[in-house]
């Protein structure tokens, strides 16, 4: 699509663990849930504060070391835990991030003091949310909260509520979780968002 892309290593603090994707998708990792390298533990051990710091480092790197990149016209995108990370990056670096996308985002509403929904007033970027209707971690109540707060704070946004979609619908490799229509709808929405907000006007 013509974008300079940076893919962060989210788990470098934990030794950059990697998994066989096929085994991961069918639950064959053979890791105890108490193991620090279990995916769910990696999810929670990568804090919002860590992601904010890492995003700042990436932006500085782009500014100083990657002249072909434009660190003033950035779009962020994430799925699951990456959805909240994309939002936090936009809220923390509004002079850099012009668009963000959260696809079946995880833990978008929590009881913590750094719950992602509390960052909405800081947003200046345009946002996209792909919301699965069968996601216990992102309920319809959470969806209504986001609609209310985004509108109240005048944040331009689009939310697609994906009927019949599960958490993880975006990835073909996720076997029974994949929802082709929802995935295509979200991907096309992201391409449209980035085309409108990131590409320099001639």
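Taking 0.36 nm per residue of sequence separation and removing the Cα-Cα distance, the residue 64/residue 191 pair yields an extension gain of 43.0 nm.
Note on segment 12-197: Kirkwood radius taken over Cα pairs, Stokes-Einstein applied at 4 °C and 1.567 mPa s, translational D equal to 75 µm² s⁻¹.
Relative to the current alpha-carbon distance between residue 160 and residue 4, full extension at 0.36 nm per residue lengthens the span by 53.6 nm. Once Rg and the Kirkwood radius are both taken over the C-alpha atoms of segment 76-130, their ratio Rg/Rh works out to 0.93. Taking a quarter of the surface of the Cα convex hull of segment 93-183 gives a mean projected area of 6.2 nm².
Give the average over all directions of the projected area of the C-alpha convex hull of segment 53-101, one decimal, in nm².
Averaged projected hull area, Cα only: 3.1 nm².
Since every read-out is calculated from the coordinates, none of them should be taken as a lab result. Because the structure is a prediction, the values reported are computed rather than measured.
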